[in-house]
Protein chains: 4
Amino acid sequence: DHLKNHGIQPVLHHKFKNSLHGKIKIPAHTIIFHNHEELKQTADVLLSLGGDGTLLDTLSLIRNSGIPVIGINFGRLGFLASINKGEIESALKALIHGDYTLDERSLLRLESDNNLFGEENFALNDITIHRRDNSAMMIIHASMNGEFINSYWADGLIIATPTGSTAYSLSCGGPIIYPDSESVVITPIAPHNLNVRPVIIPDDNILSFEVEARESKFLVSCDSRTVTVERSVKISIKKADFCVNLIRLNNETYLNTLRNKLLWGIDTRNY
Amino acid sequence: DHLKNHGIQPVLHHKFKNSLHGKIKIPAHTIIFHNHEELKQTADVLLSLGGDGTLLDTLSLIRNSGIPVIGINFGRLGFLASINKGEIESALKALIHGDYTLDERSLLRLESDNNLFGEENFALNDITIHRRDNSAMMIIHASMNGEFINSYWADGLIIATPTGSTAYSLSCGGPIIYPDSESVVITPIAPHNLNVRPVIIPDDNILSFEVEARESKFLVSCDSRTVTVERSVKISIKKADFCVNLIRLNNETYLNTLRNKLLWGIDTRNY
Amino acid sequence: DHLKNHGIQPVLHHKFKNSLHGKIKIPAHTIIFHNHEELKQTADVLLSLGGDGTLLDTLSLIRNSGIPVIGINFGRLGFLASINKGEIESALKALIHGDYTLDERSLLRLESDNNLFGEENFALNDITIHRRDNSAMMIIHASMNGEFINSYWADGLIIATPTGSTAYSLSCGGPIIYPDSESVVITPIAPHNLNVRPVIIPDDNILSFEVEARESKFLVSCDSRTVTVERSVKISIKKADFCVNLIRLNNETYLNTLRNKLLWGIDTRNY
Amino acid sequence: DHLKNHGIQPVLHHKFKNSLHGKIKIPAHTIIFHNHEELKQTADVLLSLGGDGTLLDTLSLIRNSGIPVIGINFGRLGFLASINKGEIESALKALIHGDYTLDERSLLRLESDNNLFGEENFALNDITIHRRDNSAMMIIHASMNGEFINSYWADGLIIATPTGSTAYSLSCGGPIIYPDSESVVITPIAPHNLNVRPVIIPDDNILSFEVEARESKFLVSCDSRTVTVERSVKISIKKADFCVNLIRLNNETYLNTLRNKLLWGIDTRNY
């Protein structure tokens, strides 16, 4: 009803409608959309209700449409989904009044012979290469624009955007990269070579990878989507040719979110 | 023939015999053994031919028998399997002349309600708790002698002996622990909590772990043996009541092996 | 007055008396002590008022006397000085009623030709070797019981007790070592060799160090006491032959202090 | 003589001339220069003979002149001074034939009230803030374009260019940054806050720092030049408005140098 008063037309994904059925009242005039195409034609803004994982999942719907997305955080960790439950109403108001900024976030694009991820071959956080459960360490030969970088003896390798630098890459020892750095980071997962370090490269380079391993298969992930791949498959990664528009309310800043989420400055010694 | 001249009676595992069949001549008087019991009765020394993984596998045969083991390294990495291919003959001579020392290495023992690993519930390197492929991060609640240590938000957790401190734990940021330190290290794998660190505790403590996760199953490994476990299973880890006797030739030392394997001191700046 | 009622005789260091003069009323019957010898004869317990640094400084008075010490934390960080200001009265009560445990903490002892620290050549936290301001990196050749360990190209090296493992060593990437681990850790400071790692050794070994550097002098510290040393001076470090008795109130545990001070478990994601 | 035959006019710094006097024959027609101004008018290329430190020192002469510099490595580490002693002749030939590329490397510029470094307030590798010898940890409040980043409780802080990312920052846990990344990294030195991580920001931002400490002075360095500073001094750092032209012979690449210097790929397990 709030929404109606402001002349706002709700748009709902068909699967979501089913799962909500009987739980909350869905306004009668709600438009139901089924896929990327329908979303593009009907929605101005996408609200992601869940955690960071949910917001990442909405990218399969948003793709290159440019539709801005804002995340309401119902999960535990909310780097991307930065609006907390208690702030929903004020956030919607700010949204309606245009009191926000669009943060253009770059994505990575995965390419491979057999088109592993179809049309969803992009990632806002990271693309990872990983050994399978129970299998031994793998060797990943990495190149940049055809020039050899290094052979990583490791459980896997993370190629992360600045947005993804505070996700899995950070857990594996990668640095924090400010969003508009136009860079990607290559972070090894549990490397056997003790002298390797995360490497930052400008995001206009093309990275390519070949895997050597005893086991015949390995895993590739775009954000939370994972496929099992034959050892012989070569993959390459470059910047996607579209961005995602994250809505950032004007009372939020990246550094602020960073400090709050990483508990920077909350130090018992300050008390 | 060399062996015969020294009055040495070869003893061979039955599976190994089959795989060797037709490749090399197996001396006629070779005794074939099938399991832990037969090995205990017939062998004085076990030769592990392969890499560190192979030597770890021989523990299923050796168990608490006290039979000393020496590793001939045919693999790439040889921390445990320290005799290189070119040194086999001199190593055998040293062995025959008793020119060696027994390194007693402690093991870990895993306990759980449903006896996950049967009689092979021990590890020379490490016991690990790990999320499955594709599943989200898990939360591992760790206690020592019933007292709460920490809740790890991570891909998993490694509990390593000093012997295992130079294996997987080292790849995940753990320290190197000298073999006779009577300690174990708890090292998180890709932790989300950025302020956790590896923890060293005396090896006479009992560690216990409970898992909290979205996914209903997780993985537990004793060295290279892995099982899939229900989320509700609690496990505890303590020092095993037997040791493994690693044969160390008298021209080798732990620090020497460490430097060679980790490339310590091989620094281009020294040239 | 509280103290008098319990038949407690205050004992005060002469320098401290002077600095307190005119600020608080010092009870008339207070005994003033001037040095280690007088302390030993008059005091049963030493109260350290300040932070961890203050408590470390009291060791110059306590030495091998066995007099238990308890730290009232007026500073910011209180790992050793674990009683906070608000808890003083209840802590004193617990002390009077004997409701506490003595934690025996091991110390390190430094030896060198010219007896660098006189009779105060011991450390509860750590002994460090460090380049001077403005000077280039140094090379520290480390041995254990005469056997070569490694040559560290670094700003310096920390040799820490379990007690010191949560202090400077932790800031430089060392692990946390449980107090009764009977181990020490060797942690490099800003190492140029990227493949070195902290090393844990049993505390009954003797470590020795030689320095190679362009600059003719370097620094050696026992806890917070630092001296400037000629490059040619060799030093060796072993376990001291006495312990310090830290008073731990019975409602405190090491793991509890660890979690509170390192902010373990205080995770925004738990809210 | 070689040089003469190619019509090359040697140019020599006056101090260097003195120290060479009597050791090697200096060609009669050698021009001697005394400072930045004279160098700019007479030289086309500057040869730095020494290690990386020597090359960094030549920047005080080169400044914004654009004169290309090449480093002949007589020291141990040669990231910048990449020509080894055995390759001098072939390197000179390549130089004469123009068989090289100019790598434009960005610099940092330090600003402060009292103009700490005069006209040499720039750094090719890094600017560092550091506590003095013997003094306690400091607190460094860092901001970007006036917005608060974090308060670092640490021994110090490194602000490094991509060029400097393989120097001191790397020793303190920073990532490797590819030269044309247009970024800088902020890396803490021995931080007490365990949850801080290196941060990468685009190099068009302005960083500013204030220090809080018990001690009244601290140290600031531009590359190898260090000054002692009053605690109250605020400093700010931004990208310099000129670059340094490093000469890279066409048979060299950055990735190649990286692998060789960091020993990447030289793994005993490959043998």
Would you work out if the protein assembly as shown is rounded, prolate or oblate? Take a ≥ b ≥ c from the square roots of the eigenvalues of the alpha-carbon gyration tensor; rounded if a/c is under 1.5, else prolate when a/b is larger than b/c, oblate otherwise.
-> rounded
Percent relative contact order of chain A, based on C-alpha pairs within less than 8 angstrom and at least six residues apart?
-> 19 percent
Pick from A:Gly53, A:Gly174, A:Gly71: which is most flexible by mean-square fluctuation in a GNM of chain A where alpha carbon atoms under 10 Å apart are linked?
-> A:Gly53
What is the spin-label model distance, in nm, from C:Lys25 to C:Asp204 if the labels are put 7 Å beyond Cα along the C-beta direction?
-> 5.6 nm
Computed, not fitted: 222 nm per-residue ellipticity of chain C from DSSP H runs ≥ 4 (each -39500 (n - 2.57)), nearest 500, equal to -4500 deg cm²/dmol
Once label points are set 7 Å from the Cα along Cα→Cβ at both B:Asp133 and B:Glu87, what is their separation, rounded to one decimal in nm?
-> 3.8 nm
Would you mind giving the mean number of other chain beta-carbons within 10 Å of the Cβ of each residue in A:176-182, as a whole number?
-> 6
Once you have the Cα-Cα distance between B:Leu12 and B:Arg231, take 0.36 nm times their residue separation minus that, and quote the gain in nm to one decimal.
-> 74.8 nm
Using +1 on the beta carbon of Lys and Arg, -1 on that of Asp and Glu, and nothing else charged, what's the dipole of the protein assembly as shown about the Cα centre, debye to 20?
-> 0 debye
Taking N as the number of residues in the stretch B:153-193, what is its alpha-carbon radius of gyration divided by 2.2 N^0.38 Å?
-> 1.11
Note the buried accessible area between C and D here, summed over both chains, with a 1.4 Å probe, in Å² to the nearest 100.
-> 1700 Å²
Is the shape of the stretch B:165-216 best called rounded, prolate or oblate, per the rule: a/c under 1.5 gives rounded, else a/b larger than b/c gives prolate, else oblate, with a ≥ b ≥ c the square roots of the Cα gyration tensor eigenvalues?
-> oblate
Net charge dipole size for chain A [Lys, Arg +1 and Asp, Glu -1 on Cβ; Debye, nearest 20] = 780 debye
In whole angstrom, the spacing between the Cα centers of the stretch C:59-73 and the stretch C:127-189 equals 25 Å
Compute the convex hull volume of the Cα atoms of chain D, divide it by the residue count, and report the result per residue in Å³ as a whole number.
-> 162 Å³
Estimate the FRET efficiency between B:Asp44 and C:Cys243 by the formula 1/(1 + (r/R0)^6), using the beta-carbon distance for r and 45 Å for R0, to the nearest 0.05.
-> 0.50
For the stretch C:110-130, list residues with backbone N below 15 Å from a point placed 7 Å from the Cα of C:Glu215 toward its Cβ?
-> C:129-130
Largest-first ordering by accessible area, 1.4 Å probe, given options B:Glu215, C:Glu212 | C:Glu212, B:Glu215
Net dipole in debye of the stretch A:108-240 [+1 Lys, Arg Cβ; -1 Asp, Glu Cβ; about Cα centre; nearest 20] = 340 debye
Starting from the Cα of D:Lys93, draw a straight line to each of the aspartates and glutamates and keep only those under 13 Å, dropping any in the same chain fewer than 8 residues away.
-> none
How long is the stretch B:99-169 along each principal axis, judged by its Cα atoms, biggest number first, in Å?
-> 51, 28, 27
Across the residues of A:198-205, average count of Cβ atoms on other protein chains within 10 Å?
-> 6
For the stretch D:48-160, what is the Kirkwood estimate of the hydrodynamic radius, computed as the reciprocal of the mean inverse distance between distinct Cα atoms, to one decimal in Å?
-> 16.9 Å
Neighbouring partner chain Cβ atoms per residue of A:128-135, average, 10 Å criterion | 3
So what is log10(I(q)/I(0)) for the stretch A:30-110 at q = 0.16, 0.21, 0.24 1/Å, when the Debye sum runs over its Cα atoms only?
-> -0.64, -1.09, -1.32
Ignoring any ligand, DNA or RNA, what whole percent of the accessible area of the stretch B:79-174 comes from carbon and sulfur when the probe is 1.4 angstrom?
-> 43 percent
Which one of B:Lys25, B:Lys40, B:Lys15 has the biggest mean-square fluctuation once chain B is modelled by GNM with Cα springs under 10 Å?
-> B:Lys25
For the rotation bringing A onto D, which A residue has its Cβ nearest the axis, and at how many Å?
-> A:Pro175, 2
Once the dipole of chain B is set up from charges on Cβ (+1 Lys and Arg, -1 Asp and Glu), the residue from the list B:Gln9, B:Ser232, B:Leu116 lying farthest towards its positive end is B:Gln9
State the Kirkwood hydrodynamic radius of the stretch D:109-240 in Å, one decimal place, computed from all pairs of distinct Cα atoms.
-> 14.5 Å
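The values are calculated or read from the model by the stated rules, or taken from the named source; none is laboratory data. From a predicted model like this one, the values you see are computed outputs, not experimental measurements. A quick note on method: Cβ atoms are made from the backbone with ideal geometry, for glycine too, and the neighbour counts reach across all protein chains shown. For the accessible areas, the whole protein counts, side chains as well, though only heavy atoms, and no ligand, DNA or RNA atoms are used. Shrake-Rupley method; radii C 1.70, N 1.55, O 1.52, S 1.80 Å.
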